[in-house]
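The values are calculated or read from the model by the stated rules, or taken from the named source; none is laboratory data. Because the structure is a prediction, the values reported are computed rather than measured. All Cβ positions, glycine included, derive from the backbone under ideal geometry; neighbour counts span all protein chains shown. Ligands, DNA and RNA are excluded from the accessible area calculation, which covers all protein heavy atoms including side chains. Shrake-Rupley method; radii C 1.70, N 1.55, O 1.52, S 1.80 Å.
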Amino acid sequence: MSIRHGLLALLDRSPMYGYQLRANFEESTGGAWQLNIGQVYTTLARLERDGLVRPLAANDGGQRPFEITVAGRGELAMWFDTPVTRATRPRDELTIKLALALSTPLVDAARVLAAQRTASMTELRSLVQARRRVESGDRARQLALDALVFQVEAEIRWLDHCEATVLPGQDSPTPAPTSRPTR
């Protein structure tokens, strides 16, 4: 997820300060992606440096809101117009973990896979429950939660595939060597 572009989209609605941006980001994404306030302010500083936002005068509460610039609107429009490709997405940590588990001595890839399956099923149940609680008019939250449900369902299907095709050929983990006292 591009925090940079997410913040620009929020600032395109109206000027906001950091905590407002964080709250609105989390609300707009259905609470699916939590932001650390430090990420928000670091990103705002970079956006300001790049001329995409500018700070406004502090309000009575001492908060300093930011507004999007013309260049920021151009950047945002380009982001919305550019499809997301697999090449632009971050590395898939689960794929890397399972690939390394298969080739690392003393690692039981089946156990790694089973632990992931349990975690994924738990996450899926939680997401489905959250989706049921969303009000019918909250389309942005519904969309975000639907995307997460579909992603976890796809992950579970992929785990099934790994279990059926990759793990049957995996050698059993080699037991750790035991040290014997020398005489």
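Does any residue of the range 15-23 turn out to be on the phi < 0 side of the Ramachandran plot, part of a loop (DSSP other than H, G, I, E, B) and of a type in the set (Gly, Ala, Ser)?
Here is the first cut: in the range 15-23, the residues on the phi < 0 side of the Ramachandran plot are 15-23.
Subset that is part of a loop (DSSP other than H, G, I, E, B): 15, 17.
Add one more test, that the residue is of a type in the set (Gly, Ala, Ser), and what stays is none.
Checking the range 15-23: not a single residue is on the phi < 0 side of the Ramachandran plot, part of a loop (DSSP other than H, G, I, E, B) and of a type in the set (Gly, Ala, Ser).
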Out of all the residues in the range 102-109, is one or more open to solvent by 80 Å² or more (accessible area, probe 1.4 Å), among the hydrophobic types (A, V, I, L, M, F, W, C) and on the phi > 0 side of the Ramachandran plot? yes
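Taking helices (runs of 4 or more DSSP H) that fall entirely within the range 68-170, which contain at least 1 residues that are touching a residue at least 60 places away in the same chain (Cβ under 8 Å) and touching a strand residue (DSSP E or B) at 6+ places or on another chain (Cβ under 8 Å)?
Details: elements: 70-81, 93-103, 109-133, 139-165.
Those helices (runs of 4 or more DSSP H) span 70-81.
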Is it the case that the range 33-50 has a residue that's aliphatic (A, V, I, L, M) and within 30 Å of Glu163 (Cβ to Cβ)? no
Quick test of your reading of the structure: Arg180 fulfils all but one of (1) open to solvent by 100 Å² or more (accessible area, probe 1.4 Å); (2) within 30 Å of Phe25 (Cβ to Cβ); (3) modelled with pLDDT under 85. Name the failing condition by number. (2)
